[in-house]
1. How much net charge surrounds Leu152 when only the other residues with a Cβ under 13 Å from the Cβ of Leu152 are counted, with Lys and Arg +1 and Asp and Glu -1?
2. On the protein heavy atoms, probe 1.4 angstrom, tell me the percent of accessible surface of the chain carried by carbon and sulfur.
3. Give me the percent of DSSP beta bridges within the chain that run antiparallel, rounded to the nearest 5.
4. Translational diffusion coefficient, Stokes-Einstein: compute it for the stretch 384-509 using the Kirkwood radius over C-alpha pairs as Rh, at 25 °C and 0.890 mPa s, and state it as an integer in µm² s⁻¹.
5. Pull out a ≥ b ≥ c, the square roots of the eigenvalues of the alpha-carbon gyration tensor of the stretch 1-67, then state rounded if a/c is under 1.5, prolate if not and a/b is larger than b/c, and oblate in the remaining case.
6. Place a point 7 Å from Cα of Lys195 in the direction of its Cβ. Which residues in the stretch 382-426 have their backbone N less than 18 Å from it?
7. For Ser331 and Val32 in one chain, what is 0.36 nm times their gap in residues minus the Cα-Cα distance, to one decimal in nm?
8. Under 5 Å between amide hydrogens, which residues at least 5 positions from Arg291 or on another chain qualify, with H placed 1.01 Å from N in the peptide plane?
Amino acid sequence: MLARVWSASIVGIDAVKVGVEVDVSGGLPGIVVLGLPDSAIQESKERVKATLKNAGFAFPMRKIVINLTPADLRKEGPSFDLPISIGILAASEQVNADLLGDYLFLGEVSLDGSLRPVAGVLPIAATAQKMGITGLIVPADNAQEAAVVQGLAVYGCKNLSEVVDFLNNPGLYKPVQLNETEELPHSFYSGADLKDVKGQAHGRRALEIAAAGGHNLVFVGPPGSGKTMLARRLPGILPPLEFFESLEVTRIHSVAGLLKNRGSLVRDRPFRSPHHSASGPSLVGGGSFPRPGEISLAHRGILFLDELTEFKRDVLEFLRQPLEDGYVTISRTKQSVMFPAQFTLVASTNPCPCGFYGDTIQQCTCSPRQREQYWAKLSGPLMDRIDLQVAVNRLKPEEITQQPTGEASISVAKRVQQARDRATNRFQKEPNLRCNAQMQSSHLQKWCKLDDASRNLLEAAIRKLGLSARASDRILKVARTIADLAGEDELKANHVAEAIQYRTIDRMQ
C-alpha cells in the first residue's frame, strides 16, 4: 500500500515542502530511501524500525520504499524520522490516513518512541502556513516555537503514540496557544550595567552614540584599559527587539539549532563573540548544506570581535560586503542562499603588538616597522566601514580607587530610545531604514545638510586625515545621531566636530 506524508526541508533560512512517499509491497524485507537523503536520514531506517517495535507497533517485514520529493533537492537531518514512521504505519494500515494530507510532520524519534526537538521549526511553520497546510505536528519542545506563526494549528506531542492517537482521534486534542505580548520583552536588558564602569567618559559616550545610531565601533587601547568591559555593556542600552525583529532573529537561530528547549522567541538582541581563531566559513556561514555563521546569528544585535588584529586578514575581509549590504550570499554548485546580516560591529584591539604604544605609564617596545605590520592586518576599506574609532586610555590611580559614579544603563537606554524614535519618525517613508547607520547617499543629502561652518570643518578634516568619500559619509551619519541625541533637527558644527574626532585613529601606525 502507498501512503504520503508531508514534511519540509530547510534551504537557507527558508523551507521547502517535502513529500514523504512510503510504499509497502511484496518482496524481500528491507528499507530503501530515495531522494538525495543525507547520512542522518539513511540512519533513520534502523532507528525507525526499532522505534516502532519498542512503541508497540508492528513493523511490516516486507519491502519498504521511501521516496522524498522533490527528488532533486538534497535533504538532511533527523526531522524526517517522524514523517517516515507515520508513513510506514499508514502504508501498513496501522493508523488512520484520512488527515495525512492536511498536516505537516517534523521530529526526531528516540528508540523508546519519544520525540526529540529539531532545528528549523519556525521557518518550516511559516512555509506551511503560506501553503495552506492545516496544522503542524512537532515534538512538544518545539510547539511554542512553531505556535508563533499565526493561522496555523500546532500540536506538540511527546511520543509517537500520541501522534498516532491524534490521527485516530483528532477531536481530543487542542492546538498550542501563544500569547505574543507575553513573549516580548517589557524591560531593558538586565545584564552588565554601565554604572559599574569607572571613568572612561569618552568610551561611554561612544557606546551611547553607537546604540542610538546602530554605528560600528572599535576601541583601541592598552591591556587592562576596559575595552572589553565597555563593549559588553552595549546590549544594556540598546532598544528592545520589536516583534518583527524578534521573528527574524528567532528564524535564524531556529535554523542554526539554537532554540531547542528555549521557548518560542528570542527576546534579547544577540551578542555574538567569536574567538579570534574563527575561520571565514564560521564567521559568514557555509557548509555543504549552508548554515548561518556568526554574522547572521548577530542579526539585529552585536558582533563583538575581541583582539581584532589577531583575526586573520582574509577572515576580516569577509566582513566588508555584509557591513555594507546587510546580508551575505553563500553560493554552492546547485544552490545559492542568502542570510540576513544587519549587525553592529564592535571590536577592541591593542595599539601595537606589545600593547603599550602611546601609554603614559609603560613604554612601548615595538619598532615602527612592527607597528606598521600590526595595523596592516586591517585594510583601509574595512576601517572606512567602522564609524566610531575610539582611543581608550588607562585609568589613573585615583580613578581606579574611587567608587563608580557613572550613569546607569537604564538612563542611557532611555536617551537612546528617544534618539531612535526621532530617527523612526524621520524614516516613516523609508520602510527599509531602521537607524541612521543604514542611510545611503540620497538620504544624507536630504537629512544631513551642512551649513558653511560645518562644511568647512568637514573639508578640513578630509584633507588633514586623508579620509575617503565613504569615511566622510560615515562622519555625517554619526553627526546625525549626535544631533538626534541632542534633540535637534539640524546638523551644527559642534555635531560634525564631535563626529570627526571618532576618525582620528583611522590608520594608526
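The values are calculated or read from the model by the stated rules, or taken from the named source; none is laboratory data. Not measured: the values here are computed from a predicted model. Heads up, the Cβs are rebuilt from the backbone with ideal geometry, glycines too, and the neighbour counts pull from every protein chain shown. The protein model used for the area step is the full one, side chains on, heavy atoms only, and it has no ligands, DNA or RNA in it. Shrake-Rupley method; radii C 1.70, N 1.55, O 1.52, S 1.80 Å.
1. That works out to -1.
2. That share works out to 49 percent.
3. 50 percent
4. 152 µm²/s
5. Since a/c reaches 1.5 and a/b is larger than b/c, the shape of the stretch 1-67 is classed as prolate.
6. 402-416
7. Answer, rounded to one decimal: 104.6 nm.
8. Gly286
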